[in-house]
Amino acid sequence: MKDNENKRYKHASIFGPMRHFKYIFKKPVTHPFKIIFTRKNASYLNDNAIIKNKKRLDSAPRTAPDNLRGFHTNDWEVCIGCGTCADICPTDAIRMVERADLKDEAGKLQQRPVIDYGRCCFCALCVDTCTTESLKMSKEYIYASTDPDQFLLMPEKTWQGEKVEQGYVKTEESDLLDLKRIPMEHIEPDERKKSFIEVVRGYSKEYARQEAARCVECGICTSSCPVQMHIPDYIKAIWEDDIEGGLRQIYETNPLPGVCGRVCTHNCETACAIAVRGEAIAIRWLKRYIIDSAPDDMYDKIFAEPVTEVIDAKIAIAGSGPSSLSAAYYLRALGYTVDVFEEKDRPGGVASYGAPQYRIPDYAVEKDINFIKKIGVNIKTNTRVGTDITLDELQKKYDAVFLGTGFFKARMLNIPGADHKDVIGAMDFLPLARDLARGHLKLDEMNVLPSAVVVGGGDVAFDVARNLTRIQIMKYGKANVLLTSLESRDILPASLDEFVEGGEEAVKMELGFGPQEIMIKNGKVKGLKVWKCLSVFDEAGRFNPKFDETQEQVFEADQVYLSIGQAPDYDYIPESMKDKVIIERGKIKANEVGQVAGQEWLFVGGDIFRGPDIITGVADGHRAAQGIDEFLYKKSKKKEQSEYYKELREAIHFNTPVLAMKPKRK
Amino acid sequence: MREMKLFLGPQHPGMHGNASVHMYVDGDIIKRSFLLPGMLHRGFEKGMERHSWMNNISLIPRVCVVEPDINELAFAMGAEKLLGLEVPERAHWIRMIIMELARLSIHLMAYGGIGGPTGNYTLMYHAHADRNEILDIFEQITGMRVYHQYIVIGGVRKDLPKGIEKDIHKFLDSLEARYDEYRDLGIDNPSIIKRIKDTIMLPKEVVWELGVTGIGMRSAVNKPYDIRKVMPYCRYDQVEFEVPYSDYSDARSRIDCKLKEILQSISIIRQCLIKIPEGPVRVPISRGQSMRWVVPKGYVYSAVESSRGEFGYFMVSDGGTNPYRVGVRGASYPQGLLGVEKYMPGTRIDDAPMWIDTMGVCSPEIDR
Ligand code: SF4
Ligand code: SF4
Ligand code: SF4
């Protein structure tokens, strides 16, 4: 190869060029115009009279290959309007367009992508990143119009109104999302059963950042959160390793992030865009990560200026649960004087006395509350409204009163034997278990016997069962706890975490049984007689369980714990007011922000108003704070008018939690 | 005679893309000449800084229109080096198939290209018709004919479609069968030999002076210098092929090397199709969704052998989601820009299109 071959061509024949003549008789290799069209394209061009010579349209259509990156199609039923396609588009060709005609559902936004084909380069990154796989490409690749506006197209399931063949689609290989959650480390069941140590260890910085990197910033979760936390923003802050920014974002909408970062019901995760095809972003654990990583002095930066009284009005708050603390926080931030009254010796309500220590340890509750105290909220513990100070007195001394006294009474069963002392209500037991865990009670002060049946299928029932497991092991070296509920596995109200972790901790489960009688012999509880439950709800969807009496069973146990619901205690409402406050099914009636009709100084929130969970309580508190502010701000004589306070006030009102919870995404 | 200014291109059958040569001629001898790459492909390097590592796939192929894949590979390999990322075995082989198909397609185009300035349109049509078959294959594999956007950091976007081997073999067989015909039509055709032999020289000294690589260099310095051999990437060290070279760099000898490379590429693709293992074709570059993928801090140079020579990306990452800076070494920059100015003068007007074609000048990679 190395020789100079040029030398060999010195004497090429002058007739050489003649050899070209044979090509005259060869079949042409050029493609005639008509075969570059698919028939659909050809008729399309025909309709638009773009091609004048109609003979050309008599085409032998060329079929594009399966993989072709042609014009997009988008199945609107599947698309959730997350806008990730628009975010990734390297040519900025996609705009999300509001469509009010779409159903307003949780987990979906009322918008759909519009593609500007004047910009699109058909890279298919939008297809590869689509959270739902609704966006695909077709085999159509010819389109023409004399009107530039006609190149803005909203992809639908069809192309130009017709069903077309599918081209490029996302595959597992080409997927640009990360559908797998970074695993959360849990203390091993055998280890954690022996103490009240926190089960979930929390993310390390590396893991939190990796988990945060999965989020596509669509904000679909936000609209499903009762307080509309700025979820994508704080997740982005984690990814950018900006704990301070994340902390500030969180405190705009949630003053109890340490609590919510552990025990929230996380509606957001159900709605998360990534959950359509994969595992939702661990939003709750990420929030917890920020709080766990924020040093105390970082909290000082949440408010740009120190929080002080700038409005001369005073507010009393009864109870110190989530809704009360939330109301207190916002009212204080607005510049009011806020006094919180708590009957127990610790603030926190359900976070300190209901939820178990292994889920939410005291230090985490304290971290949240310390900040609320730090900005100047006065919390008076061991002060029970109704006895230590009456509601009337509060009304006289304060300009407004907020009630957030919660559901702290256990609901009992009306069956034979239920009045026995070893038949114990969840809300009577859980505060004691919590006190034991924090060392305020001794083990032998706890009336816990070697075996127990827990009745109930909610998270609280699991709290009871798992607390009992621990106490029994501490006391007797082994545990024997059986949980039974009316609901069968498929409709069990408890969260999956509880079900799985409870199972790991060897809580036995017999689901789908209705308690009929507490078996008592010689004054001692022997067990619980149950019937098989056939259905829990009737056709109209009302609670109306049906049993099969022939399938009777006795679950043997020394104690029976009932976790079938909680009830309020309204003893503190004086007789004089009883007829002015309307109570319906245990809840106080009030307007949207929790203001009681006819008693404009009185606001309510949390379980006694809306329920059912902590985060809804936090939302109630926020709304009530706004309601109270509306009520008092105008009346107050002294009020600060600095720019900073105006902005702060605006922000607190701007972040109003939207009430209407939307139906879940199918 | 008075010196006259003459434009060659951009509208000229012998011109490539949107480049043009501004010539000052005296009679039919070029006295001075300048390349104007067209300014249509400006700002790519800057644009890359504004796109995430993954999204750059929409931009980088455009740095060379006819052979876009070299960009994708050089970019991907550079980022992979910074990441310390191990690409799945199958992806390496797929990448090689793509690279060699691309080489075939551009060699065919360039070879057919000599048909324009020489009036030999038969050659041009037939070469383009064969290139078209390659584009059909690309379309099946990647979903696109020209800008494939297929080789990505971590592997390739999708596996080869089922049955594509058959189509590739069929094409390679037919191309191989027509090889002699191609030679006959072009390089062995006396009327063309007259135009390309002993003219448009690219002597050794010029190669060293300008930094010419690829066929231009190989055909002048008598050495098989080829990135695939001297800095093997993908699995080029596991296939057998020869690098054609010669010691007399006139236009004909360059075209001759080009044609011989076609045979080598055919052989490489055939070997790849035998040796390619099963398995995954892409690994994500890190956890998270692609818009949050980051590449560690550092800088890297990665190069591939393009049809025109060493084609490289110098990339700097500041640890972020986008490249901090990318510099592209376009293979035809030395001869295309500097060579036209310095060594085209002295040749004849009708040599200019042949000059551009046989040197392998690609305007976007000069513009960037
Ligand atoms: S194909 Fe690429 S350029 Fe076109 S809309 Fe999708 S992401 Fe944007
Ligand atoms: S990424 Fe998919 S689901 Fe989200 S808006 Fe775009 S098309 Fe719809
Ligand atoms: S957490 Fe999920 S729903 Fe929320 S912004 Fe991120 S991806 Fe979207």
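The values are calculated or read from the model by the stated rules, or taken from the named source; none is laboratory data. All figures in this text were calculated on a predicted structure; none of them were measured in a lab. Note that each Cβ is placed from the backbone with ideal geometry, even for glycine, and that neighbours are counted across all protein chains shown.
Structure values in brief
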| item | result |
| --- | --- |
| So A:T484, is it out of contact with any Ser or Thr (no Cβ under 9 Å at 6 or more places or on another chain) and in a helix (DSSP H, G or I) | no |
| Residue in the stretch A:139-148 that is touching a residue at least 40 places away in the same chain (Cβ under 8 Å) and within 12 Å of ligand 2 (Cβ to nearest atom) present | no |
| Residues satisfying the stated conditions in the stretch A:212-229, i.e. more than 10 Å from ligand 3 (Cβ to nearest atom) and either of a type outside the set (A, V, I, L, M, F, W, C) or assigned by TED's automatic domain parsing to the domain that holds A:C130 (or both) | A:P226, A:Q228 |
| Residue list for the stretch B:24-82, filter: within 30 Å of B:H92 (Cα to Cα) and of a type in the set (K, R) | B:K46, B:R50, B:R62, B:K81 |
| Qualifying residue in the stretch A:281-292 (condition: within 16 Å of ligand 2 (Cβ to nearest atom) and either crowded, with 24+ Cβ neighbours inside 10 Å or not assigned by TED's automatic domain parsing to the domain that holds A:G81 (or both)) | yes |
| Among residues of the stretch A:200-216, those that are outside any helix (DSSP H, G or I) and at the interface with another protein chain (Cβ under 7 Å from one of its Cβ atoms), counted | 3 |
| Test: residue in the stretch A:253-272 that is more than 16 Å from ligand 2 (Cβ to nearest atom) and more than 25 Å from A:V199 (Cα to Cα) | yes |
| Pairs, first within 8 Å of chain A (Cβ to nearest Cβ) in the stretch B:122-137, second aromatic (F, W, Y), C-beta under 6 Å, six or more apart | B:T122/A:Y23 |
| Total residues in the stretch A:82-135, condition farther than 27 Å from A:L68 by Cα and either assigned to a loop (DSSP other than H, G, I, E, B) or within 7 Å of ligand 1 (Cβ to nearest atom) (or both) | 12 |
| Top-ranked residue of the stretch B:19-50 - restricted to ones that are under 24 Å from the mean Cα position of the chain (by Cα) and closer than 24 Å to B:M291 by Cβ, ranked as modelled with the lowest pLDDT | B:G43 |
| Selection count where residues are hydroxyl-bearing (S, T, Y) and within 24 Å of B:V361 (Cβ to Cβ), scope the stretch B:163-190 | 1 |
| Unique match (being in contact with a Cys (Cβ under 6 Å, 6 or more places away or on another chain) and not charged (D, E, K, R)) among A:G514, A:G477, A:G458 | A:G514 |
| Matching option when the condition is more than 12 Å from chain A (Cβ to nearest Cβ) and at pLDDT below 85, among B:I268, B:I200, B:I215, B:I196 | B:I200 |
| Hey, A:R248 more than 16 Å from ligand 2 (Cβ to nearest atom) and either touching a residue at least 60 places away in the same chain (Cβ under 8 Å) or not assigned by TED's automatic domain parsing to the domain that holds A:T656 (or both) or not | yes |
| Residue within the stretch B:300-323 that is out of contact with any helix residue (DSSP H, G or I) (no Cβ under 8 Å at 6 or more places or on another chain), facing chain A (nearest Cβ under 10 Å) and in a loop (DSSP other than H, G, I, E, B) present | no |
| Filter result for A:C79 (within 12 Å of chain B (Cβ to nearest Cβ), within 16 Å of ligand 3 (Cβ to nearest atom), closer than 26 Å to B:V152 by Cβ and under 25 Å from the mean Cα position of the chain (by Cα)) | no |
| Boolean, A:K170 is under 17 Å from A:T84 (Cβ atoms), within 14 Å of chain B (Cβ to nearest Cβ) and over 19 Å from the mean Cα position of the chain (by Cα) | yes |
| Residue among A:C268, A:C260 that alone is under 23 Å from A:I360 (Cβ atoms), among the hydrophobic types (A, V, I, L, M, F, W, C), outside any strand (DSSP E or B) and more than 14 Å from ligand 3 (Cβ to nearest atom) | A:C260 |
| Some residue of the stretch A:365-378 being modelled with pLDDT of 90 or more and of a type in the set (D, E) | yes |
| Matching residues in the stretch A:535-590 - criterion: being under 32 Å from the mean Cα position of the chain (by Cα) and closer than 29 Å to A:K521 by Cα | A:P545, A:Y561, A:L562, A:S563, A:I564, A:G565, A:Q566 |
| Which numbered condition B:W293 misses (of (1) touching a strand residue (DSSP E or B) at 6+ places or on another chain (Cβ under 7 Å); (2) surrounded by 18 or more Cβ atoms within 10 Å (Cβ to Cβ)) | (1) |
| Test: residue in the stretch A:198-215 that is modelled with pLDDT of 90 or more and within 19 Å of A:K108 (Cβ to Cβ) | yes |
| Residue match in the stretch B:217-227 (condition: touching a Cys at 6+ places or on another chain (Cβ under 7 Å) and assigned to a helix (DSSP H, G or I)) | yes |
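So that you can scan it fast, the table gives a plain yes or no per residue for (1) surrounded by fewer than 18 Cβ atoms within 10 Å (Cβ to Cβ); (2) under 21 Å from B:V152 (Cβ atoms); (3) away from every other protein chain (no Cβ under 14 Å):
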| position | (1), (2), (3) |
| --- | --- |
| A:C120 | no, yes, no |
| A:L125 | no, yes, no |
| A:E140 | no, no, no |
| A:A144 | yes, no, yes |
| A:Q150 | yes, no, yes |
| A:L153 | yes, no, yes |
| A:W159 | no, no, yes |
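Yes/no per residue for (1) outside any loop (DSSP other than H, G, I, E, B); (2) buried (at least 16 other Cβ atoms within 10 Å of the Cβ); (3) not assigned by TED's automatic domain parsing to the domain that holds A:G456:
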position	(1), (2), (3)
A:P515	yes, yes, no
A:V525	yes, yes, no
A:L528	yes, yes, no
A:V536	yes, yes, no
A:P545	yes, no, no
A:Y572	no, yes, yes
A:N591	no, no, yes
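Each row is one residue, and each column tells you yes or no for (1) hydrophobic (A, V, I, L, M, F, W, C); (2) part of a helix (DSSP H, G or I); (3) in contact with a strand residue (DSSP E or B) (Cβ under 6 Å, 6 or more places away or on another chain); (4) closer than 26 Å to A:D175 by Cα.
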{"residue": "B:P232", "(1), (2), (3), (4)": "no, no, no, no"}
{"residue": "B:D237", "(1), (2), (3), (4)": "no, yes, no, no"}
{"residue": "B:Y245", "(1), (2), (3), (4)": "no, no, no, no"}
{"residue": "B:S253", "(1), (2), (3), (4)": "no, yes, no, no"}
{"residue": "B:E261", "(1), (2), (3), (4)": "no, yes, no, no"}
{"residue": "B:I268", "(1), (2), (3), (4)": "yes, yes, no, no"}
{"residue": "B:P284", "(1), (2), (3), (4)": "no, no, no, yes"}
